[in-house]
1. Got a sec? Which helices (runs of 4 or more DSSP H) wholly within the stretch B:84-200 have at least 1 residues that are within 13 Å of chain A (Cβ to nearest Cβ) and at pLDDT 95 or above?
2. Need the failing condition index for B:Gly214 against (1) in a helix (DSSP H, G or I); (2) crowded, with 20+ Cβ neighbours inside 10 Å; (3) touching a helix residue (DSSP H, G or I) at 6+ places or on another chain (Cβ under 8 Å), just the number.
3. Within the stretch A:57-66, is there a residue that is more than 10 Å from chain B (Cβ to nearest Cβ), over 29 Å from B:Asn85 (Cα atoms), out of contact with any Asp or Glu (no Cβ under 7 Å at 6 or more places or on another chain) and among the hydroxyl-bearing types (Ser, Thr, Tyr)?
4. Tally time: how many residues in the stretch A:82-99 are surrounded by 20 or more Cβ atoms within 10 Å (Cβ to Cβ) and either among the hydrophobic types (A, V, I, L, M, F, W, C) or within 10 Å of another protein chain (Cβ to nearest Cβ) (or both)?
Amino acid sequence: MKKVFFATMLAISIINFSFTEDTNPLIGRWEWSTKHVEGPLTILAVFKTNGIYDGFANKKNFVTGTYQVKHDTLFIADPICNAKYNATYKLKFFGKQDSVQFNVIQDTCAQRRKGIDGFVYKRLPAAKK
Amino acid sequence: MKKLYYFTFFAAFVIIMSMAAFNSSEPATKESLGEMLFSDPILSGNRKISCSSCHKAEFAFADTIAISPGVSGRTGTRNAPSVMNSALQASFFWDGRASTLEEQALLPVANPVEMNLPIALAIKRLNRDKKYRKAFYRVFNQYPNATNLALALAAFERTLETNNSPFDDWRLTDNENAVSTSVKRGFLLFNGKARCFQCHFGPDFNNSEFRNIGLFDGKLLTDSGRAVLTKKKTDLGKFKIGPLRNIALTAPYMHNGRFKTLREVIDYYNDPDKVVPHSIGRDPLLSTPINLSEQEKEDIEEFLKSLTDKRFIKDLSS
């Protein structure tokens, strides 16, 4: 009985582990662009394996925050809004996970909502080291 | 005979090359026309001062003195900020009195303590200059006028974006060797204990707000900043939050150029009362000392230096 318990625990921990480490579909670089009168604006989001993400505007870093993906829900926090508050967004992937749409579930931070709610980001090839 | 052939060939080559060079020095885009105007003293009353007299390329298009002299050594009251990384800025000047680069561009030309040339005269001069008359016509299909002069200067300024600092490299590529451990500690302090990030965030490390950091006391420090425009008492001593890219190159600091080094800036924030004891309307975020250790101050300084674009780092090391 004990053995089964441990085996199950192990299986669960492997599943959890492999989910966050390998199959977290958000890991990688995602981009969204628009054109203003003043010129083009490209937002790049880089979701890293360590639960940290970085946002770039025209390649300039403007935010570094934390995130977690559980099933199709994104939990995301950043120090501009409030590092201790996790907003939630539903993730909708398209194609072979080559683009993703963020739809707000709950986010009290208007600035962030304006930047991501409803937007479709395209996946970029992995970064060159 | 062969010699003559080579000689002719060589001569032709030189002529063709110099013609090509001549052509390419004639600006064919808004940006290159703006670049030429930016460093041409034709836009000043005494033909001696250009935009680049105060916004020098080697210092990230800022200056290294507190108050830059304009025409005939006349001086204003404020420090010349960097003109780089202006494409994403929401307003211009320390008090934000211009909201676009086009709106901003003609003000220094006409300003009596800067270039002191009425715009109408500036336009007349450009139209009398064959080179400019031709270049404006080529670029805008119009001869020089106030609108296209502003468009050209602004277009050039928008090319001056820098996004290749060691800091960006670290964040973008996961290259942990891009910056030192001191920079990494400094980044954490900047975002946390030192509270800098509460005001300095965004692609250029400033948001669109105006805040009072305590450099107004109504007696020795009398620039009322934003309040001149809004006429609101609550805006007394508020200034545009300074963008921080390439900040290591643009000393001295603040609207009045009061601090000579980044270390002086950090010491000020650490305990503002020590430097300006009777400031009026200082931001509540700065109401208590931060209590930074020497190491922490150094780390924040190192972080600020990591925001210098690599093009300047190359210049410095050569």
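1. Once the helices (runs of 4 or more DSSP H) in the stretch B:84-200 are filtered for at least 1 residues that are within 13 Å of chain A (Cβ to nearest Cβ) and at pLDDT 95 or above, what remains is B:101-105, B:146-158, B:166-173, B:181-191.
2. For B:Gly214, the exception is condition (1).
3. Looking for residues that are more than 10 Å from chain B (Cβ to nearest Cβ), over 29 Å from B:Asn85 (Cα atoms), out of contact with any Asp or Glu (no Cβ under 7 Å at 6 or more places or on another chain) and among the hydroxyl-bearing types (Ser, Thr, Tyr), one finds none in the stretch A:57-66, hence no.
4. 1
For every residue, the table says whether it meets (1) among the charged types (D, E, K, R); (2) in the same structural domain as B:Gly225 (by TED's automatic domain parsing); (3) closer than 19 Å to B:Ala150 by Cα.
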position: B:Glu58; (1), (2), (3): yes, no, no
position: B:Ala62; (1), (2), (3): no, no, no
position: B:Asn85; (1), (2), (3): no, no, yes
position: B:Leu88; (1), (2), (3): no, no, yes
position: B:Glu103; (1), (2), (3): yes, no, yes
position: B:Met115; (1), (2), (3): no, no, yes
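The values are calculated or read from the model by the stated rules, or taken from the named source; none is laboratory data. On a predicted model such as this, the values are computed, not experimentally measured, just so you know. Counting neighbours? That spans all protein chains shown, and the Cβs are built from the backbone with ideal geometry, glycine included.
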